[in-house]
1. Rounded to the nearest 0.05, what FRET efficiency do Leu26 and Trp202 have when you use their Cβ-Cβ distance and R0 = 22 Å?
2. Relative to the longest principal axis of the chain, what angle (0 to 90°, nearest 10) does the C-alpha long axis of helix 91-111 take?
3. Give the label of the value calculated from the structure for Rg/Rh (Cα atoms, Kirkwood Rh), choosing from [x] 1.33; [y] 0.98; [z] 0.93.
4. List residues of region 36-59, by number, whose backbone nitrogen lies under 18 Å from a label position 7 Å along Cα→C-beta of Leu107.
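Each value in this text was obtained by applying a stated rule to the coordinates, not by laboratory testing. Here the structure is a predicted model, which is why all the values come from computation and not from measurement. Cβ placement follows ideal geometry from the backbone for every residue including glycine, while neighbour counts extend to all protein chains displayed.
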Amino acid sequence: MTPASIEAMEILRSPDQFHWSLLFGLGLVMWAYAAEIRAKNWDAVLMGLLFSAGEMIWEMINSLILHFTGFAGLWTTPGDTSFLILSGINIEIFLLFSLAGVVLVKLLQTFDDAPDTKILGLNYRVFIPLALGLFSTAVECALNRAGALVWVYRFWNWPHIWIILINYCLPYFLCTWGHYNISRQGKIRIFWILAAVNIVFWVVFVNVLGWI
């Protein structure tokens, strides 16, 4: 295993990493969801849950890559954290991702009363997911440069940042399409499917096999 992978395995789901600052981040997420629930903005709430559930499946796949290669996942998050959930995601990152879907929907809703709105020459339904994908990629690159997020594979590393950009833009575009084309009941059904996959993956690969 790479040094980063070893470091991540040493602190994986260790309660010794706990820090009280975690509660502040949790409180912010609770406040954001409570605000959307109070406003009955169910589309934002559902997209936040969908984005989070999809992200966790992707993170478990990344951890399985580490298991089967015995070398590294596509990305690794060693180092300082309040709780490392999986080799590539800590609790702080998860809390951030839990807000991504909410932010996307709220930005889209800002312009929904004028569906022909363009930003920098692009329809807002294209510009917003693209901008969020670019921003997320820039943050990931900054974390990599700081050593907080480690890449080792040549195809998932500098200068092949375009692959990482696709990795971020694709979920934002899929969620944008789903926001406008899937009914609320459909989104609820998809969430329960993703939640079930998460539970099965966690039980099998974490609790039973201990692979991730």
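1. 0.65
2. It is inclined by approximately 10 degrees.
3. Computed from these coordinates, Rg/Rh (Cα atoms, Kirkwood Rh) corresponds to label [y].
4. Residues 43-52, 55 fall inside that zone.
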